[in-house]
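A.B. asks: Structure in structure tokens, see below.
Here, each number is a calculation from the coordinates, and none is a lab measurement. What you see is a predicted model, and the numbers here were worked out from it, not measured in a lab. Glycine gets a Cβ as well: all are built from the backbone with ideal geometry, and neighbour counts include every protein chain shown.
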Amino acid sequence: MTQSYRIETGGLINRNKKISFKFNGTSYFGYEGDTLASALLANGVHLVGRSFKYHRPRGFFGAGVDEPYAVVQLYRNGETEPNIKATEQELFEGLEANSVNCWPSVNFDIGAINNFLKIFLPAGFYYKTFMWPKSFWYKIYEPFIRKAAGLGVASTKHDKERYEHKYEYCDLLIAGSGPSGLASAYSAAKNGAKVILAEDKPRYGGSLLTSDVNIGNQSGKDWADGIISELKEMPNVIVKNRSQVFGYYDHNMLVMSEKVSDHLPKTKKYHPNKRLWYIRAKEVLISSGSIERPIVFGNNDTPGVMLSSAAKEYLKVYGVLVGKKPLVFTNNDSGYETAIEFKKHGVEPIVLDSRSNPQSEIIDEAKNLGINIKDSYVVVAAQGYKKVKSADVATISEDKKTLGKIENIVCDCICVSGFWTPTIHLASQSGNKTKFNEEIDAFVPGVSKQNETTLGAANGVFTLEETLKTSFEKGKELSKKITDKDNEISIPNVVEKKYSKHDKFWCVPLPKGKSYKRFLDFQNDVAVSDVEIALREGYRSIEHVKRYTTLGMATDQGKTSNLNGLQLVSEIENKVVPSVGHTTFRPPYTPISIGAIVGREVGKHSKPTRKSPIHNWHEEHNAVFVDAGVWLRPRYYKRGNETLFEASKREAKNVRTNVGVCDVTTLGKIDVKGPDAAEFLNRVYTNAWLKLPVGKARYGVMLREDGIVMDDGTTTRISENHYHMTTTTAQAANVLSHLEYYLQLVWPELNVNVVSTTEQWAGAAIAGPKSRDLLQKLFPKTDVSNEGLPFMGYVEGDLFGVKARIFRISFSGELAYEVNVESDNGRFMWDKIIEIGEEFQIQPYGTEALSTLRIEMGHVAGSELDGRTIPYDNALEGLLSKKKDFIGKRSLQRAAFIAEDRQRIVGVVPLDKKTSIPEGSHLVKDANAPLPNKKLGHISASCWSVEHDNPFSLAILKDGKNMIGEKLYVMSPLKNKVIPVEIVSSHYVDPKGERVRS
Amino acid sequence: MLHIKCPHCGMRSQNEFSYGGDATVKRPELNKEVTDQEWDNFVYNRVSPRGKHLELWQHLSGCRQWIKVERDTATHEIFRTYKANEEIA
Ligand SMILES: [Zn+2]
């Protein structure tokens, strides 16, 4: 296909480099420097998609981030990305893109039937259309909406691209490289400030790329190029293109998305696809410019209707004519600039100006060029379905209420200018109290909440001379505050054309007997009639109107629609715009890839991985690992074809009959030191601690102030003022914070210091009837007899030259010890235990066997201490001291906590002694009771008892104390199971606890 | 993301801190008889002011000190930060 709409010369594209691409399966050519939009327009393609609700044909409306509807599905290097604006996507060799929102194709779209059934899709269609009948929702409405709506399809494949996050601090962040951005960056940089200048487009210069002005005897573009190359040389300046500052958050933190690779066919090696910058700036200068606003008229969404500024940009930057018979419809002087550009390239435009007899320099120039200008004229409606074919036009009365006789003008595009709307999104996001400027009929930033200043067109200043002057000065003033330097910058002289006043006219009335759709929000298909309905139905707040009609929502955030929507509401309500107010602009200003937000935190990088110093041994011995918080722990050691069930049974059984060893390095460990350590523990734990002798350990339970069990573990008195506390793996960090809270804030008079020692010690639990024999061989010089090292005793020992701590504590309920050595010696300790343990048939055991052992013993763990249970519920009330106060004690008097039928831990055995009970199942009295079946309790942990060789579970059961011997049912709707069970004691093995003391 | 000045370490990003609630709540003294109402006020009942709020934060990924932060809950403006034992002006 030839590029029949590309002019011979001109534009900023590289005509020496042809680029081929595909759109909806058809091959085209463009040039390096094109966007997908400009390349399609060069090829005469205007139809890019279908609209969101009515599936009306959609073309290009803007030329950049302002584009509300030219959204495509992009394919690049085997990946696909939805929601890409064709006006922002740079062309690269091999680019492929498809239309979205059209099914089965953009030319024949089944959803377009919505357009004729629009009675079903008025304002509030989200809320009322698909509500009834309810049974239609899943089968008919939802699949239909899913297929017909949306802005593309996300890939279901793993994203191979890499995304980076970067944190940066600067003195001034300047968002936008138009005249105000360049001038303020330049003077601040010259003053020595650390400056970041961000431009969302590939080219710097903003409006200077398309305006016909002179700065310091150069063209605007040449001046911009000069400033940029000077800034790039300065070490205190970061200049970034393709970088959108899209969010302004608290305390002057802004987030910017840098598109590093999207303009290339393939991401370069070691490069990310996108880089997300978190920038903390001392001062923020918003130089985001302005967006031309549309004038509302009939069928104003027809492909070929576009912003006049976009038509000018396509011509001046890309050398593309958006039409060969253009109609320019304007209420201000900007339209004339576009008309003049057309005329210069041999195309005859017609200008319709809603004003009567406007006078200005640029209008004179247009007249002198012989351009056909019709004053007091408006476009009533565009004609044509997939492309503008003509326009119905008419004269309009001075009061803008009465149309003259309708005439038809043949044209192939309508370039609209309804004056300019400052881009105040960032200022508004920062909390700026924006104000309405009557002069320009738009909101501008008002009182700043954070250190933010808006300059140039974004501040409603539309003359270049004033923009440059204030921007140079502001850059200097703000940087001077920070660097204390005062570099004099001479402000260049400016040549620009003077503008006359715009017409406060924004919506063409409907001619009698016509019901054209007149769109306000092109992305969300919100027409004038929708807002009228919302107001008729009683919606008043602009925030409510927004949600009911979807005006200004979604990815567009009202860039082109916002003000016209407000004008309409204020007109119907007979109010002025400022009293209607505007809706909140939400970040992101423009869509940001989820990948960029996630950054590197994907897959195994989503959280840190902690491994014990014995990890390699586990790997070498076929351990199957499980995530325990951020730790990796062996779940079981697989032998041959063993299943998890078989292996954990073997390992647990070996502990009960011989001896097993388990890596318990992950257990939380906290050193508690100081003369008041005993007193502190006495307040933290529920039981008594003042009389624990040196060389002894004690089991302790700690509560939260609300009486709920926080954690449990043993704490050992190592020496007079030194205690070694252990916590569960999961609660280690919370317990440390908890202790610090009380020491720093509540009882600062206590002379105690706490520090985490989890990573300083490697731990091995040696458990089983033969553990003492093994221990004796490991520590031949230490008396480990029942008298020398009794239950809950502690000694230090010498493990073949390595200093070790030996605790006689047990989680398995067997005779057991825990040996700790400094982490570096962890592997040495483990190797010795395995080597010497061989003669005692030692086997390592994982967390699954560990659970089995503790469950059948009735020892509580995380699944019972789940943040909802008190000591009584866990049969731990024996540990509650009556003599002293402790954290949470007062809460235990709450009525619910002392109720007669309070929940309590019990054991659960299936009557058939065969069926395993799913964890999380509910206990009920009657399996056949009607729903909702009253729940009496839940299964907290399940195992296969190796002692009894049948399933056994723990449960937290209402009135558990009196339920022993009862027959109940376990129900698991998830697993579709109903199991008759008997309630037994939670101590299923060795209820008297004789083994640990043996 | 807030920017919080730790009185021990200086300006740090919010993600180094964890929030600890109302700093004006005082724990009843140990071994002291308290009514149900007093205890509920300590454990559960909190005001949720719009505006100035003195609150606790812990500099978790820093010096691990609990600090007091005077913050506007509506605007997020931070007026002052205090050490745990510092007199509140
Ligand atoms: Zn700190």
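A.B. asks: If I fit a long axis through the Cα atoms of helix A:334-344 and take the longest principal axis of the Cα atoms of chain A, what angle between them do I get, 0 to 90°, rounded to 10?
C.D. replies: The angle comes out near 70 degrees.
A.B. asks: Check residue A:31: other-chain or 5+ apart residues with amide H under 5 Å from its amide H, H built from backbone geometry?
C.D. replies: Answer set, sorted by chain and number: A:19.
A.B. asks: Give, rounded to the nearest 20 debye, the magnitude of the charge dipole that region A:518-584 has about its Cα centre when Lys and Arg contribute +1 at Cβ and Asp and Glu contribute -1 at Cβ.
C.D. replies: Values: 7 positive and 9 negative charges, 27 e Å.
The dipole magnitude comes to about 120 debye.
A.B. asks: Is there a simple number for the mean count of other chain Cβ atoms within 10 Å of the Cβ of residues in A:886-892, and what is it? Show your work: numbers first, answer last.
C.D. replies: Numbers: counts 1, 2, 1, 2, 11, 5, 0.
Counting other chains' Cβ atoms within 10 Å and averaging over A:886-892 gives 3.
A.B. asks: Can you return the aspartates and glutamates within cross-link range of residue A:967? Criterion is Cα-Cα under 16 Å, with same-chain partners fewer than 8 residues away left out.
C.D. replies: A:912, A:926, A:959, A:982
A.B. asks: Pull up all non-local amide H partners of residue A:626: gap of 5 or more, or a different chain, and H-to-H distance under 5 Å with H placed in the peptide plane.
C.D. replies: Hits under the 5 Å cutoff: A:633, A:635.
A.B. asks: Also: How many angstrom lie between the C-alpha centres of region A:8-82 and region A:170-188?
C.D. replies: About 31 Å separates the Cα centre of region A:8-82 from the one of region A:170-188.
A.B. asks: Apply the Karplus parameterisation 6.51 cos²θ - 1.76 cosθ + 1.60, with θ equal to phi minus 60°, to every residue of region A:956-970 and state each ³J(HN,Hα) to the nearest whole Hz, in sequence, with x for glycine and proline.
C.D. replies: Values per residue, Gly and Pro as x: 9, 10, 4, 6, x, 4, 9, 9, 4, x, 6, 9, 10, 10, 9 Hz.
A.B. asks: Going by how many other Cβ atoms sit within 10 Å of their own, how do A:318, B:19, A:636 line up, fewest first? If you can, show how the numbers build up before the last one.
C.D. replies: On the way: A:318 25, B:19 10, A:636 28.
The order, fewest Cβ neighbours first, is B:19, A:318, A:636.
A.B. asks: Go through A:276-283, A:395-402, A:894-901 and give me the packing order, highest mean Cβ count within 10 Å leading.
C.D. replies: Numbers: A:276-283: 20.8, A:395-402: 12.9, A:894-901: 11.2.
Highest mean packing first, the order is A:276-283, A:395-402, A:894-901.
A.B. asks: Sorted by packing (mean other beta-carbon atoms within 10 Å per residue), highest first, where do A:715-724, A:449-458 land? Write down the numbers at each step before the final one.
C.D. replies: On the way: A:715-724: 18.4, A:449-458: 24.6.
Peptide ranking by packing, descending: A:449-458, A:715-724.
A.B. asks: Let me ask something additional. Take peptide A:740-746, look around each residue's Cβ out to 10 angstrom, count Cβ atoms belonging to other protein chains, and average those counts.
C.D. replies: Working: counts 6, 5, 2, 2, 9, 11, 6.
Averaged over the peptide's residues, the number is 6.
A.B. asks: Continuing with this model, one more query. Could you tell me what fraction of 2.2 N^0.38 Å the Cα radius of gyration of the protein assembly as shown comes to, as a two-decimal ratio? Working shown, then result.
C.D. replies: Values: Rg = 36.9 Å, N = 1087, 2.2 N^0.38 = 31.3 Å.
Dividing the Cα radius of gyration by 2.2 N^0.38 Å gives 1.18.
A.B. asks: Charges only on Cβ, +1 for Lys and Arg, -1 for Asp and Glu: so what's the dipole of region A:878-969 about the Cα centre, in debye to the nearest 20? Numbers along the way, then the final one.
C.D. replies: Details: 16 positive and 10 negative charges, 128 e Å.
Dipole size: approximately 620 debye.
A.B. asks: Give, rounded to the nearest 20 debye, the magnitude of the charge dipole that chain A has about its Cα centre when Lys and Arg contribute +1 at Cβ and Asp and Glu contribute -1 at Cβ. Walk me through the numbers on the way to the answer.
C.D. replies: Details: 130 positive and 119 negative charges, 381 e Å.
The calculation lands at about 1840 debye.
A.B. asks: By average Cβ neighbour count within 10 Å, what is the ranking of A:875-881, A:411-417, A:629-635 from highest down? The partial results should precede the final answer.
C.D. replies: Working: A:875-881: 15.9, A:411-417: 27.0, A:629-635: 20.3.
The densest-packed peptide leads the list: A:411-417, A:629-635, A:875-881.
A.B. asks: State the answer as a single residue: which of A:923, A:906, A:237 lies farthest towards the positive end of the charge dipole of chain A, with beta carbon charges of +1 for Lys and Arg and -1 for Asp and Glu, about the Cα centre.
C.D. replies: A:923
A.B. asks: Applying the Karplus parametrisation 6.51 cos²θ - 1.76 cosθ + 1.60 with θ = phi - 60° to the phi angles of region A:856-864, what ³J(HN,Hα) value in whole Hz is obtained for each residue in order, glycine and proline being reported as x?
C.D. replies: For region A:856-864, the Karplus-derived couplings read 6, 8, x, 7, 7, 8, x, 6, 9 Hz, x marking Gly and Pro.
A.B. asks: Between A:726, A:815, A:490, whose Cα lies farthest towards the positive end of the dipole of the protein assembly as shown when Lys and Arg beta carbons carry +1 and Asp and Glu beta carbons carry -1, centred on the Cα centre?
C.D. replies: Value computed over the given set: A:815.
A.B. asks: Same structure, new question: Quick one: Cα centre-to-centre distance for region A:276-330 and region A:358-420, in angstrom?
C.D. replies: Centre-to-centre (Cα) distance: 18 Å.
A.B. asks: Give me the inter-chain shielding for A:700-713: mean count of other chain Cβ atoms within 10 Å, whole number please.
C.D. replies: On the way: counts 0, 0, 0, 0, 1, 5, 3, 1, 0, 0, 0, 0, 0, 0.
Mean partner-chain Cβ count within 10 Å for A:700-713: 1.
A.B. asks: Oh, and also: For chain B, report the translational diffusion coefficient in µm²/s to the nearest whole number, using Stokes-Einstein at 25 °C, 0.890 mPa s, and a Kirkwood Rh over Cα pairs.
C.D. replies: It comes out at roughly 174 µm²/s.
A.B. asks: Right, next: In whole Hz, what ³J(HN,Hα) sequence does region A:231-238 give by Karplus (6.51, -1.76, 1.60; θ = phi - 60°), x for Gly and Pro?
C.D. replies: Listing the rounded values in order: 4, 4, 7, 8, x, 8, 10, 10 Hz.
A.B. asks: Among A:249, A:945, A:100, which residue has its Cα furthest toward the positive end of the charge dipole of chain A, with +1 on Lys/Arg Cβ and -1 on Asp/Glu Cβ?
C.D. replies: Projecting each Cα onto the dipole axis, the largest value belongs to A:945.
A.B. asks: How would region A:751-793 be classified by its alpha-carbon gyration tensor: rounded, prolate or oblate, with rounded meaning a/c under 1.5 and the a/b versus b/c comparison settling the rest?
C.D. replies: prolate
A.B. asks: Taking amide H positions as placed in the peptide plane 1.01 Å from N, state which residues far from residue A:957 in sequence (5 or more) or on other chains have amide H under 5 Å from it.
C.D. replies: Hits under the 5 Å cutoff: A:904, A:905, A:906.
A.B. asks: Only Cα pairs under 8 Å and at least 6 apart count here; give the relative contact order of chain A as a rounded whole percent.
C.D. replies: About 9 percent, as a whole number.
A.B. asks: Helix-derived [θ] at 222 nm for chain A: sum -39500 (n - 2.57) over DSSP H runs of at least 4, divide by residue count, nearest 500? Present the calculation step by step, with values, prior to reporting the outcome.
C.D. replies: Details: 23 runs with 210 residues, N = 998.
Counting only the DSSP helices, I get -6000 deg cm²/dmol.
A.B. asks: Can you give me the C-alpha center-to-center distance between region A:566-597 and region A:933-998, rounded to a whole angstrom?
C.D. replies: A separation of 58 Å, based on Cα centres.
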